[in-house]
Amino acid sequence: MKTTLKSYTIPMDVFIDIMRILLTYKIRNQIEAINETQNSLILRIEIIQTDSTHQKVIENLEDVLSEYGYYINGKPNVQWNH
């Protein structure tokens, strides 16, 4: 079972929505850092590469972040490290 770690910058405005998704599908995650000045945090997520549910969760998470970016800035707000 090969896993991948991805880190995402999560605005606090959508943090509860993101956590609801991760907890529903039992995706392992950890808060790496909190940025109080930008009202966001960095969340590390462990993904099982061969699990299609995990892949769909990542797509959903990235969609939420992208839509939030359009709502706030008029452009995508997805930041992650592969």
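The values are calculated or read from the model by the stated rules, or taken from the named source; none is laboratory data. Bear in mind that the values here come from a model prediction, so they are computed numbers and not experimental data. Positions of Cβ are backbone-derived with ideal geometry, glycine not excepted, and every protein chain shown enters the neighbour counts.
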What are the residues in segment 28-43 that are surrounded by 15 or more Cβ atoms within 10 Å (Cβ to Cβ) and either more than 11 Å from the chain's Cα centre (by Cα) or more than 19 Å from residue 68 (Cβ to Cβ) (or both), if any? 40
When you scan segment 34-56, do you find a residue that is among the aliphatic types (A, V, I, L, M) and either on the phi > 0 side of the Ramachandran plot or assigned to a helix (DSSP H, G or I) (or both), even just one? no
Single condition residue 40 does not satisfy, out of (1) under 15 Å from residue 63 (Cα atoms); (2) in contact with a Pro (Cβ under 6 Å, 6 or more places away or on another chain): (1)
The number of residues in segment 14-30 that are within 16 Å of residue 56 (Cβ to Cβ), hydrophobic (A, V, I, L, M, F, W, C) and assigned to a helix (DSSP H, G or I) is 4
Only one of these is among the aliphatic types (A, V, I, L, M), exposed (fewer than 15 other Cβ atoms within 10 Å of the Cβ) and at pLDDT below 95: 48, 58, 72. Name it. 72
Could you list, ordered by first residue, the pairs with Cβ atoms under 6 Å in which the first is in segment 61-82 and more than 16 Å from residue 41 (Cβ to Cβ) and assigned to a loop (DSSP other than H, G, I, E, B) and the second is modelled with pLDDT of 80 or more and of a type in the set (S, T, N, Q), at least 6 apart or interchain? 76/66
